[in-house]
Amino acid sequence: MRRSTTIAAILFVLCCGALYADDSAPKCPLGDGYEFVPDLSDEFDGDALDDSKWWDFNPAWRGRKPALFSRKNVAVADGSLRLTASLMQPEEVDYENKVRGYDKYWKSIVKSKGKGAYGYYEARCKSMRACVCNAFWLCDPLSDRPDLKYVEGDISEEIDILEYCGKPNDKGHDRLYYATLHQYVTPYLESIVNKKKIKIKNYSYKQKMDFDFWADFHTFGLAWTPTELRWYVDGKEVFRRENDIFFRPLHVTLDCEIMSDWFGEPDPADLPATFEIDYVRVWKQTDAPEPQALPEPKKKAQ
């Protein structure tokens, strides 16, 4: 009798815990009609990156030269994801990377293992104080389909929710927030093999903010629906356009990049520097249709 009572009590506690977990899921800032997606979200409250959700590198991309993504520059600490850019020490430059042109900086990236489509995507973050681009973006519908990505006939897509630089060399970029769309004709290998980039109307937006990106945390969001795209900064809509392109699921990505041809290269005295992300939260739009599916792989001839 006592054993039965104990089992019943345990089951009751477990059920209550499950209910509490559901009730405690963050509510979408856009209101009702959205369902929280735990597999694409993270509060970064532990002491290590959750490798069931994230890669701490990009399986298909080393990064733009002369900087190389390093797993050692990805950390979770003090309640945030920390993506660091740092100088490559001479003893760290091996022969292969010297020949390839990755010989000056280390940088960092995380990419979700799952993909999401229509919904609301938000990150609360603070830039590093260095001439390094910090970004929150959606990309790569073809990551698991090399038969489509690396041959002619398809499109690789990207939605930049946030790009900013905490300390640009060109003061014209200071406090500028960027939101941008990209489409690349396949074969596509990130920043290396881009046969053709498609021209998109109303593809980019920038706005001068009244705060320094490195001084404090701010929220940056995207509402992605089958008919439109809306960008938000600190809960305020800043840009909107028709969705005439993006209908396939994409990965969630955060990174710091040396953009030599855009912002310039960082002052070595400013490195190492860290891009901090307090959280990433994703909600699915519950009444949206299913996103566009990729074609079935072609069967090999017998």
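Below is a table of values for the structure above.
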{"read-out": "Filter result for the condition that a residue is under 25 Å from ALA179 (Cβ atoms) and at pLDDT 95 or above, over ILE155, ILE109", "value": "ILE109"}
{"read-out": "Filter result (in contact with a strand residue (DSSP E or B) (Cβ under 7 Å, 6 or more places away or on another chain) and either farther than 24 Å from ALA223 by Cβ or among the charged types (D, E, K, R) (or both)) within segment 192-208", "value": "VAL193, ASN194, LYS195, LYS196, LYS197, LYS206, LYS208"}
{"read-out": "Pair list, Cβ under 7 Å, 6 or more apart: segment 180-197 residue modelled with pLDDT under 90, other residue among the β-branched types (Val, Ile, Thr) and surrounded by fewer than 17 Cβ atoms within 10 Å (Cβ to Cβ)", "value": "LYS195/VAL185; LYS196/VAL185"}
{"read-out": "Extreme residue, surrounded by the most Cβ atoms within 10 Å (Cβ to Cβ), among residues of segment 54-83 that are modelled with pLDDT under 95 and not in a loop (DSSP other than H, G, I, E, B)", "value": "ASN58"}
{"read-out": "Residue within segment 224-236 that is loosely packed, with under 14 Cβ neighbours inside 10 Å, in a strand (DSSP E or B) and touching a Ser or Thr at 6+ places or on another chain (Cβ under 9 Å) present", "value": "no"}
{"read-out": "Residue count for segment 242-270, restricted to those that are among the charged types (D, E, K, R) and part of a loop (DSSP other than H, G, I, E, B)", "value": "5"}
{"read-out": "Within segment 1-47, considering residues that are farther than 20 Å from THR286 by Cβ and at pLDDT 50 or above, the one nearest to the chain's Cα centre (by Cα)", "value": "ASP42"}
{"read-out": "Test for VAL282: is it over 23 Å from SER191 (Cβ atoms), in contact (Cβ under 8 Å) with a residue 40 or more places away in the chain, buried (at least 17 other Cβ atoms within 10 Å of the Cβ) and touching a Gly at 6+ places or on another chain (Cβ under 8 Å)", "value": "yes"}
{"read-out": "Scan of segment 146-191 for residues that are among the hydrophobic types (A, V, I, L, M, F, W, C) and assigned to a strand (DSSP E or B), ordered by number", "value": "ILE155, ILE159, ILE161, LEU162, CYS165, LEU176, ALA179, LEU181, VAL185, LEU189"}
{"read-out": "Given (1) over 19 Å from the mean Cα position of the chain (by Cα); (2) under 20 Å from ASP174 (Cα atoms); (3) among the polar types (S, T, N, Q), index of the condition SER204 fails", "value": "(1)"}
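Rundown of residues vs (1) buried (at least 23 other Cβ atoms within 10 Å of the Cβ); (2) in contact with a Phe, Trp or Tyr (Cβ under 7 Å, 6 or more places away or on another chain); (3) assigned to a strand (DSSP E or B), yes/no style:
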{"site": "ALA85", "(1), (2), (3)": "yes, yes, yes"}
{"site": "GLU96", "(1), (2), (3)": "no, no, no"}
{"site": "SER108", "(1), (2), (3)": "yes, yes, yes"}
{"site": "LYS113", "(1), (2), (3)": "no, yes, yes"}
{"site": "TYR120", "(1), (2), (3)": "yes, yes, yes"}
{"site": "ARG124", "(1), (2), (3)": "no, yes, yes"}
{"site": "MET128", "(1), (2), (3)": "yes, yes, no"}
{"site": "CYS131", "(1), (2), (3)": "yes, yes, no"}
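The values are calculated or read from the model by the stated rules, or taken from the named source; none is laboratory data. Because the structure is predicted, anything quoted here is derived from the model rather than measured. Every residue, glycine as well, gets a Cβ built from its backbone with ideal geometry; the counts of neighbours run over all protein chains shown.
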